[in-house]
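The values are calculated or read from the model by the stated rules, or taken from the named source; none is laboratory data. None of these values were measured; they are calculated from a predicted model. Quick note on the areas: whole protein, heavy atoms, side chains included, nothing else; ligands and nucleic acids left out. Shrake-Rupley method; radii C 1.70, N 1.55, O 1.52, S 1.80 Å.
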Amino acid sequence: MASEIEVVEEGSGASGGAAPGGGGGAGAQEALKNDVYTAAAYGDLEKLQRLVEEEGCSVSEADGAGYYALQWAALNNRTAAAQYIIEHGGDVNTTDNTGQTALHWSAVRGHVQVAELLLKEGARVDVADLYGYQTTHVAAQYGQTAFLYHIVTKWDADPDVPDNDGRSPLHWAAYKGFADCVRLLLFLDAYRGRQDKEGCTPLHWAAIRGNLEACTVLVQAGKKEDLMITDNTGLTPAQLASDKGHRQVAFFLGNARQVFDRRCDANSHLGKLSKLGLAPALWCIIIAMLFTYIHSVIAGSYNFKLTPIFGLCAWLGALLAIAGLFMFYNCSRKDPGFINRNVRDAQSLRDDEPLLKTELNHPALLAGNWSQLCATCKIVRPIRAKHCSTCDRCVEQFDHHCPWVSNCIGKKNKWDFFMFLVLEVSAMIITGAVTIATKISCSNCERSFSTIFWWMVES
Ligand SMILES: [Zn+2]
Ligand SMILES: [Zn+2]
């Protein structure tokens with residue numbers, strides 16, 4: 001298997017530089033060039049007008065390398081120049097030698113403004129170049145998440161179309177390590193299990209390149225089967241990661257498999273037991289300690305003449321422990337603030353219905369807060385909410401998943417958890433102090449009791 005995807009898009013003019021024939025270094029020299037391509041690239045409308053209207057230059061012909069003025073304008077977000085070119089005979093759907101249109105070039109740097117103009121003027125969003133790349137591929141290759149979001153939601157671009165090698169935008173985003181892009185594509189129902197010509201899924205590519213964050217997003221949104229898929233050479237993503245020396249990724253993928261194993265057999269007896277977690281054990285420990293305390297310390301102390309304040313303290317410790325147990329139960333049983341999954345997702349695992357527009361027009365997404373997207377629950381979660389991998393749900397104001405309580409600690413049970421801790425710690429301090437005090441007075445008493453006993457025997 002080839003170790004790297006042929007990064008063919010690097011060869012295209014779009015990534016070459018800001019100006020025709022050049023790049024940054026040659027830019028100053030190139031700026032002096034007196035042609036429509038340079039004028040378009042620099043957005044020099046006056047020059048463009050002069051060249052077209054006075055010198056009769058054409059805006060619909062390709063430059064020496066086969067690229068068009070409209071492409072240069074699109075690459076640099078020169079909306080006014082692009083508008084002028086379109087009005088003077090530039091075709092929005094003309095393709096260069098590699099089959100790319102101006103819209104492809106606008107995706108390289110994620111220029112939504114100029115793309116919007118091109119699309120309004122009739123640019124087709126589904127044009128594929130020689131390699132089968134559509135605009136969505138290019139956006140994913142350059143990590144232009146906002147651009148991708150815009151063309152998919154507003155212009156119905158296909159976020160899951162394969163290129164000539166069978167690679168979807170998700171393959172590209174995973175390969176390049178653009179985690180936000182991966183998140184968005186998964187949210188848009190891109191197919192995780194798609195295998196390219198080499199049999200690689202997006203997870204394979206993320207593992208080959210050692211992109212840990214992309215792997216995390218893919219695994220969290222995925223299933224155990226995703227980790228088992230083998231490429232044409234029979235290797236799983238974890239094996240590829242360790243072959244390439246990405247130890248952290250290999251460890252993560254191995255660990256993920258164990259988490260899935262635990263989650264998968266949740267229906268078996270053992271699974272149900274493990275789902276209960278450590279809460280029953282902790283419950284039993286507290287009850288056993290409380291019972292021992294009441295039985296041997298409090299009941300035992302009645303044999304000795306103790307002050308009423310001491311007796312009150314002894315019982316207070318027990319009461320605090322019992323109150324703490326109530327809080328423990330509440331915290332363990334309560335909904336910690338789970339956020340409902342998208343209903344559509346719950347109905348079927350893989351459907352082709354378009355996403356709810358209301359969800360996609362969420363202000364957080366419009367503001368580009370991609371981390372608020374949960375690719376697993378298919379929701380835009382509120383700020384401070386997080387996805388718990390143990391519970392496999394998003395939790396509002398997520399703090400942590402507590403194995404001892406067998407529940408997440410979040411918005412709705414954080415006070416119960418806090419009170420549980422405060423009550424049990426106070427109970428431990430008081431009962432501990434009472435026990436020590438009893439033992440000390442006990443050893444003092446023992447001496448006096450034995451004196452009384454022998455006195456009684458002798459008399
Ligand atoms: Zn979630
Ligand atoms: Zn949890």
query = Largest first, what is the accessible-area ranking of HIS171, HIS150 with a 1.4 Å probe?
reply = HIS150, HIS171
query = How much of the calculated P(r) for segment 117-161 lies past 18 Å, in percent of all Cα pairs?
reply = 20 percent
key: Viscosity 0.890 mPa s, temperature 25 °C, Stokes-Einstein D of segment 8-267 from Kirkwood C-alpha radius, µm²/s   = 126 µm²/s
Set of lysines near LYS412 by C-alpha distance (under 18 Å), chain-local residues within fewer than 8 positions excluded = LYS334, LYS386
task = Report LYS120's accessible area, 1.4 Å probe, all protein chains in place, as a number in Å² to the nearest 10.
result = 140 Å²
note = By accessible area (1.4 Å), largest first, MET289, MET228 order as MET289, MET228
query = Just how much of GLU198 is accessible, in Å², when a 1.4 Å probe is used and the result is rounded to the nearest 10?
reply = 40 Å²
